[in-house]
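The values are calculated or read from the model by the stated rules, or taken from the named source; none is laboratory data. Every value quoted in this text rests on a predicted model; they were computed, and no experiment measured them. Quick reminder, even Gly has a Cβ in these numbers, built from the backbone with ideal geometry, and neighbours come from all protein chains shown. Areas reflect the complete protein model, heavy atoms only, side chains present, ligands, DNA and RNA absent. Shrake-Rupley method; radii C 1.70, N 1.55, O 1.52, S 1.80 Å.
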Amino acid sequence: MIGILMLDTAFPRFLGDVGNPESFTFPVTYAVVPGATPHAIVCSDIEPWVEAFIAAGRDLVSQGCTALTTTCGFLTLLRDRVERETGVPVVSSALELIPGLMARGRNPGILTISSASLTPGHLDAAGVPKAVPIQGVDGSHFATAILENQTRLDAHVSRQDLVAGAQALVKSHPDLDVVVLECTNMPPYREAIEAETGRHVVSILDAVNALHAEHVKKSGSLAT
(Lines give C-alpha, C1' and ligand atoms only; values in the text may rest on other atoms or scores of the structure.)
Protein backbone atom coordinates (compact mmCIF):
# COMPACT_ATOMS: atom_id res chain seq x y z
CA MET A 1 0.00 0.00 0.00
CA ILE A 2 1.28 3.44 -0.97
CA GLY A 3 0.94 6.26 1.55
CA ILE A 4 0.41 9.76 0.19
CA LEU A 5 1.50 12.86 2.11
CA MET A 6 -1.09 15.43 1.13
CA LEU A 7 -1.08 19.21 1.30
CA ASP A 8 -3.91 21.01 3.06
CA THR A 9 -6.00 21.98 0.02
CA ALA A 10 -9.48 23.10 -1.01
CA PHE A 11 -9.43 22.87 -4.83
CA PRO A 12 -11.02 19.90 -6.65
CA ARG A 13 -8.92 16.83 -7.41
CA PHE A 14 -9.76 15.60 -10.90
CA LEU A 15 -9.09 12.06 -12.12
CA GLY A 16 -5.36 11.80 -12.69
CA ASP A 17 -4.51 14.08 -9.78
CA VAL A 18 -2.46 12.28 -7.12
CA GLY A 19 -4.95 13.56 -4.56
CA ASN A 20 -7.74 11.53 -6.18
CA PRO A 21 -7.58 7.86 -5.07
CA GLU A 22 -9.30 6.77 -8.30
CA SER A 23 -6.13 7.81 -10.15
CA PHE A 24 -4.57 4.53 -8.98
CA THR A 25 -5.28 0.87 -9.66
CA PHE A 26 -3.99 -0.16 -6.22
CA PRO A 27 -4.75 0.89 -2.62
CA VAL A 28 -3.50 4.26 -1.40
CA THR A 29 -3.89 5.98 1.95
CA TYR A 30 -3.70 9.72 2.59
CA ALA A 31 -2.39 11.82 5.45
CA VAL A 32 -3.13 15.56 5.25
CA VAL A 33 -0.55 17.85 6.85
CA PRO A 34 -2.68 20.62 8.42
CA GLY A 35 -1.67 24.13 7.40
CA ALA A 36 0.68 22.96 4.64
CA THR A 37 -1.08 24.88 1.88
CA PRO A 38 0.27 25.05 -1.68
CA HIS A 39 1.48 28.62 -1.12
CA ALA A 40 3.26 27.64 2.09
CA ILE A 41 5.15 24.83 0.37
CA VAL A 42 5.76 26.31 -3.09
CA CYS A 43 6.26 29.99 -2.31
CA SER A 44 7.62 30.02 1.24
CA ASP A 45 10.30 28.39 3.37
CA ILE A 46 9.66 24.66 3.54
CA GLU A 47 11.87 23.99 6.56
CA PRO A 48 9.20 24.69 9.24
CA TRP A 49 7.17 21.80 7.76
CA VAL A 50 9.84 19.11 7.85
CA GLU A 51 8.86 17.54 11.15
CA ALA A 52 5.14 17.62 10.31
CA PHE A 53 5.72 15.69 7.09
CA ILE A 54 7.98 13.20 8.85
CA ALA A 55 5.35 12.64 11.54
CA ALA A 56 2.64 12.14 8.91
CA GLY A 57 4.90 9.72 7.06
CA ARG A 58 5.52 7.69 10.19
CA ASP A 59 1.79 7.53 10.81
CA LEU A 60 1.19 6.16 7.30
CA VAL A 61 3.91 3.55 7.77
CA SER A 62 2.32 2.52 11.07
CA GLN A 63 -0.90 1.91 9.11
CA GLY A 64 0.89 -0.54 6.84
CA CYS A 65 2.19 1.64 4.02
CA THR A 66 5.40 0.28 2.54
CA ALA A 67 6.28 3.35 0.42
CA LEU A 68 5.37 7.03 0.37
CA THR A 69 4.71 9.76 -2.15
CA THR A 70 3.43 13.35 -1.99
CA THR A 71 0.97 15.72 -3.64
CA CYS A 72 3.52 18.44 -4.42
CA GLY A 73 6.62 18.23 -6.58
CA PHE A 74 8.36 20.90 -4.52
CA LEU A 75 8.51 18.42 -1.62
CA THR A 76 11.52 16.84 -3.30
CA LEU A 77 13.44 19.02 -0.84
CA LEU A 78 12.20 16.75 1.97
CA ARG A 79 12.47 13.39 0.24
CA ASP A 80 15.77 12.19 1.72
CA ARG A 81 14.85 13.24 5.25
CA VAL A 82 11.39 11.66 5.13
CA GLU A 83 12.84 8.47 3.67
CA ARG A 84 15.54 8.30 6.32
CA GLU A 85 13.17 8.94 9.21
CA THR A 86 10.35 6.63 8.07
CA GLY A 87 12.51 3.78 6.78
CA VAL A 88 10.52 3.27 3.57
CA PRO A 89 11.13 4.37 -0.05
CA VAL A 90 9.84 7.84 -0.90
CA VAL A 91 9.05 9.28 -4.33
CA SER A 92 8.20 12.93 -3.88
CA SER A 93 8.34 14.49 -7.33
CA ALA A 94 8.30 13.75 -11.06
CA LEU A 95 11.55 15.72 -11.15
CA GLU A 96 13.18 12.62 -9.69
CA LEU A 97 12.46 10.78 -12.97
CA ILE A 98 14.75 13.08 -14.94
CA PRO A 99 18.14 11.47 -14.15
CA GLY A 100 16.81 8.11 -15.33
CA LEU A 101 15.33 9.62 -18.48
CA MET A 102 18.61 11.28 -19.36
CA ALA A 103 20.54 8.07 -18.66
CA ARG A 104 18.37 6.43 -21.34
CA GLY A 105 19.23 9.14 -23.85
CA ARG A 106 16.04 11.17 -23.51
CA ASN A 107 16.04 14.97 -23.59
CA PRO A 108 13.51 16.24 -21.02
CA GLY A 109 12.08 19.64 -20.23
CA ILE A 110 10.16 20.68 -17.11
CA LEU A 111 6.67 22.19 -16.96
CA THR A 112 6.19 23.65 -13.48
CA ILE A 113 3.45 25.50 -11.66
CA SER A 114 5.94 28.24 -10.76
CA SER A 115 9.26 28.82 -12.47
CA ALA A 116 9.80 31.72 -10.07
CA SER A 117 9.77 29.32 -7.11
CA LEU A 118 11.58 26.32 -8.61
CA THR A 119 15.11 26.88 -7.35
CA PRO A 120 18.50 25.24 -7.98
CA GLY A 121 17.98 23.63 -4.57
CA HIS A 122 14.92 21.75 -5.84
CA LEU A 123 16.83 20.61 -8.92
CA ASP A 124 19.82 19.48 -6.85
CA ALA A 125 17.56 17.53 -4.47
CA ALA A 126 16.04 15.66 -7.43
CA GLY A 127 19.38 15.15 -9.18
CA VAL A 128 18.36 17.35 -12.12
CA PRO A 129 21.12 19.07 -14.12
CA LYS A 130 20.63 22.83 -14.23
CA ALA A 131 20.78 22.75 -18.03
CA VAL A 132 17.37 21.07 -18.23
CA PRO A 133 14.91 23.69 -19.60
CA ILE A 134 12.08 24.93 -17.40
CA GLN A 135 8.77 26.54 -18.32
CA GLY A 136 6.34 27.84 -15.72
CA VAL A 137 2.65 28.65 -15.90
CA ASP A 138 3.06 31.48 -13.40
CA GLY A 139 0.05 33.80 -13.20
CA SER A 140 -2.29 31.47 -15.09
CA HIS A 141 -5.74 30.45 -13.83
CA PHE A 142 -4.34 26.99 -13.04
CA ALA A 143 -1.45 28.32 -10.97
CA THR A 144 -3.49 31.00 -9.22
CA ALA A 145 -6.34 28.67 -8.25
CA ILE A 146 -3.95 26.13 -6.76
CA LEU A 147 -1.44 28.42 -5.08
CA GLU A 148 -4.24 30.52 -3.58
CA ASN A 149 -6.03 27.30 -2.57
CA GLN A 150 -9.30 28.34 -4.16
CA THR A 151 -12.36 26.09 -4.13
CA ARG A 152 -12.88 26.42 -7.89
CA LEU A 153 -10.52 25.07 -10.54
CA ASP A 154 -11.79 25.28 -14.12
CA ALA A 155 -10.61 22.15 -15.94
CA HIS A 156 -11.11 23.63 -19.42
CA VAL A 157 -9.14 26.79 -18.69
CA SER A 158 -6.48 24.81 -16.85
CA ARG A 159 -6.06 22.57 -19.88
CA GLN A 160 -5.52 25.63 -22.06
CA ASP A 161 -3.00 27.03 -19.57
CA LEU A 162 -0.92 23.86 -19.45
CA VAL A 163 -1.04 23.21 -23.18
CA ALA A 164 0.12 26.79 -23.80
CA GLY A 165 2.94 26.36 -21.28
CA ALA A 166 4.07 23.08 -22.82
CA GLN A 167 3.92 24.56 -26.32
CA ALA A 168 6.11 27.46 -25.19
CA LEU A 169 8.59 24.98 -23.69
CA VAL A 170 8.77 22.96 -26.91
CA LYS A 171 8.98 26.06 -29.10
CA SER A 172 11.98 27.40 -27.17
CA HIS A 173 13.62 23.96 -26.98
CA PRO A 174 12.49 22.00 -30.07
CA ASP A 175 15.01 19.22 -29.45
CA LEU A 176 13.39 18.06 -26.19
CA ASP A 177 11.41 14.83 -26.47
CA VAL A 178 9.86 14.47 -23.01
CA VAL A 179 7.78 16.96 -20.99
CA VAL A 180 8.07 16.33 -17.25
CA LEU A 181 5.11 17.60 -15.23
CA GLU A 182 6.54 18.89 -11.97
CA CYS A 183 3.16 19.65 -10.45
CA THR A 184 1.12 16.68 -9.20
CA ASN A 185 -2.09 18.47 -10.22
CA MET A 186 -1.07 18.47 -13.91
CA PRO A 187 -1.53 14.77 -14.88
CA PRO A 188 -5.28 15.17 -15.68
CA TYR A 189 -4.14 17.19 -18.72
CA ARG A 190 -1.43 14.79 -19.87
CA GLU A 191 -3.25 13.54 -22.98
CA ALA A 192 -4.01 17.09 -24.14
CA ILE A 193 -0.38 18.13 -23.71
CA GLU A 194 0.86 15.10 -25.63
CA ALA A 195 -1.64 15.69 -28.44
CA GLU A 196 -0.76 19.36 -28.83
CA THR A 197 3.03 19.10 -28.49
CA GLY A 198 3.76 15.71 -30.02
CA ARG A 199 6.00 14.97 -27.05
CA HIS A 200 5.85 12.16 -24.52
CA VAL A 201 4.68 13.38 -21.10
CA VAL A 202 5.63 11.91 -17.72
CA SER A 203 4.36 12.76 -14.26
CA ILE A 204 4.43 11.70 -10.63
CA LEU A 205 1.94 8.95 -11.55
CA ASP A 206 4.65 7.25 -13.60
CA ALA A 207 7.00 7.35 -10.62
CA VAL A 208 4.40 6.03 -8.18
CA ASN A 209 3.24 3.28 -10.53
CA ALA A 210 6.85 2.18 -11.02
CA LEU A 211 7.42 2.21 -7.27
CA HIS A 212 4.33 0.07 -6.69
CA ALA A 213 5.29 -2.38 -9.44
CA GLU A 214 8.75 -2.75 -7.94
CA HIS A 215 7.30 -3.56 -4.54
CA VAL A 216 4.87 -6.08 -6.01
CA LYS A 217 7.76 -7.76 -7.82
CA LYS A 218 9.83 -7.89 -4.64
CA SER A 219 6.91 -9.30 -2.67
CA GLY A 220 6.42 -12.00 -5.28
CA SER A 221 10.10 -12.92 -5.13
CA LEU A 222 10.00 -13.18 -1.36
CA ALA A 223 6.85 -15.29 -1.52
CA THR A 224 8.56 -17.82 -3.78
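Across E47, E148, E96, mean-square fluctuation computed from a Gaussian network of the chain (C-alpha pairs under 10 Å connected) peaks at E47.
For the chain, what's the relative contact order in percent, using C-alpha pairs closer than 8 Å and at least 6 residues apart?
Working: 411 pairs, mean separation 50.7, N = 224.
Contact order relative to length: 23 percent.
Residues in the stretch 29-34 carry Karplus couplings, in order, of 10, 10, 9, 7, 9, x Hz; the curve used is 6.51 cos²θ - 1.76 cosθ + 1.60 with θ = phi - 60°, and Gly or Pro positions show x.
Report the residue, chosen from T144, T119, T66, that carries the largest GNM mean-square fluctuation when the chain is represented by alpha-carbon nodes joined by springs under 10 Å. With Cα springs under 10 Å in the chain, the top fluctuation among T144, T119, T66 is at T119.
Amide hydrogen proximity for I4: with H placed 1.01 Å from N in the peptide plane, the residues at 5 or more positions away or on another chain lying under 5 Å are T29, Y30, A31, T69.
Near T37, the amide H atoms lying under 5 Å from its own belong to D8; only residues 5 or more places off or on other chains count, and H is placed 1.01 Å from N.
How much of the accessible area of the chain, in percent, comes from carbon and sulfur atoms when a 1.4 Å probe is used?
Working: 5120 of 9570 Å².
The C+S portion of the solvent-accessible surface of the chain is 54 percent.
Electrostatic tally near V201: other residues with Cβ closer than 11 Å to its Cβ, Lys and Arg +1, Asp and Glu -1, net -3.
As a length-normalised measure over Cα pairs under 8 Å and 6 or more apart, the relative contact order of the stretch 1-106 settles at 30 percent. Of the options S44, S93, H212, report the single residue whose Cα projects farthest towards the positive end of the charge dipole of the chain (beta-carbon charges: Lys, Arg +1; Asp, Glu -1). Working it through, the farthest residue towards the positive pole turns out to be H212. Spin-label model, N149/V216: points 7 Å from Cα along the beta carbon direction are separated by 3.5 nm.
Where does the charge balance sit around A145 when Lys and Arg score +1, Asp and Glu -1, over other residues with C-beta under 11 Å from its C-beta?
Working: positive: R152; negative: E148, D154, D161.
Residues near A145 contribute -2 overall.
Karplus-derived 3J(HN,Hα) values for the stretch 53-62, using 6.51 cos²θ - 1.76 cosθ + 1.60 with θ = phi - 60°, are 5, 5, 4, 5, x, 4, 5, 5, 5, 5 Hz; glycine and proline are entered as x. Beta-bridge orientation, the stretch 78-224: approximately 0 percent antiparallel, per DSSP, counting only bridges with both partners inside.
H156 to L15: extension gain in nm, 0.36 nm per residue of separation minus the Cα-Cα distance?
Details: separation 141, 0.36 × 141 = 50.76 nm, distance 1.38 nm.
49.4 nm is the gain from fully extending H156 to L15.
Under the shape rule built on the C-alpha gyration tensor, where the axes satisfy a ≥ b ≥ c, the stretch 1-155 is rounded, since a/c falls short of 1.5.
Evaluate the charge dipole of the chain about its Cα centre and quote only its size in Debye, nearest 20, assuming +1 on the Cβ of each Lys and Arg and -1 on the Cβ of each Asp and Glu. Each step should come with its number before you reach the end.
Working: 15 positive and 24 negative charges, 91 e Å.
Approximately 440 debye in magnitude.
Tell me, what ³J(HN,Hα) does each residue in the stretch 196-205 have, in order and in whole Hz, if you take phi through Karplus 6.51 cos²θ - 1.76 cosθ + 1.60 with θ = phi - 60° and put x for Gly and Pro? These are the phi-based 3J(HN,Hα) values: 8, 10, x, 10, 5, 10, 10, 8, 4, 4 Hz. With the Cα gyration tensor of the stretch 117-214 giving a ≥ b ≥ c as the square roots of its eigenvalues, does the rule (a/c under 1.5 for rounded; else a/b larger than b/c for prolate; else oblate) give rounded, prolate or oblate? The shape class here is rounded.
Once backbone amide H atoms are built at 1.01 Å from N, G136 has T112, S115 as its partners under 5 Å, excluding neighbours fewer than 5 places away on the same chain. Structure remark: mean-square fluctuation, Gaussian network model of the chain, C-alpha springs under 10 Å; the largest value among T112, T151, T29 belongs to T151.
Normalised per residue, the accessible area of the chain is 43 Å², obtained with a 1.4 Å probe and no contribution from ligands, DNA or RNA.
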